Structure formats: structure tokens, C-alpha cells
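Derivation of every value follows stated rules applied to the coordinates shown; laboratory data play no part. Computed from a predicted structure; not experimentally measured. Because the Cβ atoms are built from the backbone with ideal geometry, glycine has one as well, and the counts that use them run over all protein chains shown.
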Amino acid sequence: MTKVKELIKKLLGIDKVYERKYRGAYSADLFMAAVLGFFVYVLLKDNASQQVARIVTYGVVLVVVFVVVRKLAQTLYVSWLISRRDYKNNPETSIDSVIRKSAISDELEGVDTARLIHEANNWKLYDATFDFYRKTKHGSYKSRQAYYTIFEIKLATFVPHLIFDSLVGKRSQFKKIYLQAQRVSLEGNFDDYFEVYAPQSYHLDALSFITPEVMEAMIEVGEFDIEFQGDSLLVFAPLLPASQIKHFKQRCLRLHRHVNDNLMTYRDNRTAAEPHNSVTDFGKRLLNNPARYVPTALMSGVGITVLVLLAIQARNLEFLINEVAVAAYVFFFGALSKIIKTHRENTKLEAQFRAKYKQHHS
């Protein structure tokens, strides 16, 4: 019976929920399913038998309906999980001060709300929500929401910015966000669980306190993403049922104990003349990946090329000045400028770091 439940959860996508579509988006999805079915039928009815046309059309519609039902199940499941939460209305500290500077916020472009579940002297556990809006000619509407249950705890000292991107969770979600030259390979089978990112020249620093004992504790939470940011450790889980919160917290606390034991002797020697427990500015943030904007540049570039070819063939410059063309120009040059700007910023930061801490560069 348990295996059947697990199979149903996987089919509905509620075994681990990171996001849901917002209610208003379903009407647009169902309309698109109907339009798609109609066009498939029209396309096939003159080129195949009526029976084949119906079978293919029904198949396409059923697939689309299954996807919509799956998304609806996730939406209802999220509502059910949240309804069973006992959020704290008066947290002692600001909940989202650290999460707003985290890798998740880099990927999802800012947290919308954070609601506290539990807190103690040096740690807090909370749900964070990210809203996404879809633009239309008549304005914009909320299309989906992303959810995380986050454990955040203070460390004994400041450390470089480290990301442990779980290959079990959302599967390499930070690959497009951070420069791949910052990837670190650790010993044993650890690379089967995480892709690790550390600032360049800080790879040895990371290895000094990410010991085999720490890696073993990380593997125990291997289905979640882990981040070291400043003097905080964050563990990102999908929206968890209330029954799993206690176990999640215990595993995170165990990981924290192992990490803190190794941090007692860690110090960034590059900052010997600066305040104790500090890390260089270069070590505080991973470098962004310019390649994250390449797909947008390529797609819009292909669109512009098609429009140019159509204009040449039809000998009509209107193809190059209509609304579609203007949108393609905006996307293309916007993405291109971001690629150039990100590359220049990375080069500048690396040069400044090497000039100031030349003797420590490796």
C-alpha cells in the first residue's frame, strides 16, 4: 500500500513540491489545450482517416489535461500543507534578511514572503515564497509560486560563499547561475550527491573545513541544497509536510555541529590585517555565469535572422519595424549587454583580488 501511495505521489508530482501554478493561470492553460486540440484535428483531418485524426487529437488533449491535473494537484497540495502550518506571528528577528542574499534569491530573483515555523538562539526554520508574474497586453497576473522550507543557522566564523547543489533535489539548478570555473570536486562518491561551487582561489579553504565527517553529514541531507553565506549555513528543502519538519531540523543541526567543530581553527589568512573572522570581498560572493543569458540571445537572434530573411524575400521593410521585431531587438540586445556586463564585472573582481592578495592567489 505504501509503494502505491509513493507511486501516486510521484505521478502527481507531490512527492517533493517546489512550486505550484497560481489559480488564475489554469483558465489560460485549459484554453490553450482546447486550441491545440483543435489545430491538431484540423491539420490531420485532410491528411489521415477520421479515426486516426480523432485518436491523435484525443491523445494530445489527454496529455495536456494530465499535465494540468498534475499542476492542479500540486496547487491543492501546497494549500493543504500551508493550512496545517502553525506560523509564528511575532518572530524575534528578521526572517528573510539572509535569504534575500542567497543562491535561491539569485535564481528566483527575490523572495516575496517568509513565514517563521520555529526559531532558537542561533537558528530559525521558515517557509519562503517566490512569486512570478506573466505579462500580457492588458497588464500582468501571478502565474506561479515557488516554495522552500529553509533551515538557517549561525556559524562560529565567517566563511567563503559555498554552494552544494543537490543532484537529488532539483538537479543542477545553479549550473546556469554561477561560473563553472568555480566548480570543486571532492573526494569519494560525494560528487554523486552534490555539485560544489567555491570562489576561485578559495578551493583549498573549502577543503580545510569540509572534511570527510562533514561530507558524511551532508550526504544525510543530500536531497537538499546547502549554502554557506557569510556566517550562516542554509539548507533548502521543498515545502515539507509538518510531519517531516522535526527530522529535517535534526539532520540540519547534526550537520551544523560537524561544520562548527572544523571552523574553530579556520581563518582567511588573506585578511590578516583586517578584523578577525572576516573574509575578502572576492570570497563573499560567487561569480555569476554570463552564459545564463546566452539562450535568450540565441533565440532572439534566430528570430531577428528570420525577420531579415522575410524582409529580403518580400522586399518589405515592415518585417523589421513591427512589434515582433522590436521585441526581438529588445531581448537580443538586452541579453547581449548582460553577457558583456557580467563578463566585465567578473574580470574586474578577479583582477582586483589578484592585485591585493597576490601572495595568496593559487
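Using the Cβ-Cβ distance between Glu318 and Val69 with R0 = 41 Å, the FRET efficiency computed as 1/(1 + (r/R0)^6) comes to roughly 0.40. Each Lys and Arg Cβ is given +1 and each Asp and Glu Cβ -1; about its Cα centre, the chain then shows a dipole of about 940 debye. Distance between the pseudo-spin-label points of Ala311 and Leu349 (7 Å out from Cα toward the beta carbon): 3.7 nm.
FRET efficiency for the pair His247 and Phe38, taken as 1/(1 + (r/R0)^6) with r the Cβ-Cβ distance and R0 = 51 Å, rounds to 0.55. For the residue pair Leu11 and Ser208, what label-to-label distance in nm results when each label sits 7 Å from Cα along the Cα-to-beta-carbon direction? The answer from the label model is 5.4 nm.
Determine which residues of the stretch 226-252 fall in the zone a paramagnetic label at Glu220 would reach in this model, i.e. backbone nitrogen under 18 Å from the point 7 Å along Cα→Cβ. Answer for this model: 226-227, 233-237, 244-252. Here Arg254, Arg20, Arg171 are placed in order of increasing Cβ neighbour count within 10 Å, fewest first, which gives Arg171, Arg254, Arg20. Ranked for footprinting exposure by Cβ neighbours inside 10 Å, fewest first, Thr93, Thr2, Thr271 give Thr2, Thr93, Thr271. Taking only alpha carbon atoms, the stretch 290-360 gives an Rg to Rh ratio of 1.30, where Rh is the Kirkwood radius. Calculated on the alpha-carbon coordinates, the convex hull of the chain measures out at 203 cubic angstrom per residue. Restricted to Cα atoms, the stretch 106-245 shows a radius of gyration and a Dmax of 16.5, 56 angstrom. Using R₀ = 56 Å, calculate the FRET efficiency as 1/(1 + (r/R₀)^6) where r is the Cβ-Cβ separation of Ala327 and Thr265; round to 0.05. According to the calculation, E is roughly 0.50. Considering only Ala314, Gly303, Val214, the residue lying farthest towards the positive end of the dipole of the chain is Ala314, judged by Cα position with unit charges set on Cβ.
Residue pairs exceeding 24 angstrom between C-alpha atoms, taken from Lys9/Lys246; Lys9/Lys176; Lys154/Lys341; Lys9/Lys101: Lys9/Lys176; Lys154/Lys341; Lys9/Lys101. Among Lys284, Lys71, Lys10, a tally of other beta-carbon atoms within 10 Å of each Cβ gives an order, fewest to most, of Lys10, Lys284, Lys71. Taking each residue as 0.36 nm, the span from Ser172 to Tyr58 lengthens on full extension beyond its C-alpha to C-alpha distance by 37.5 nm.
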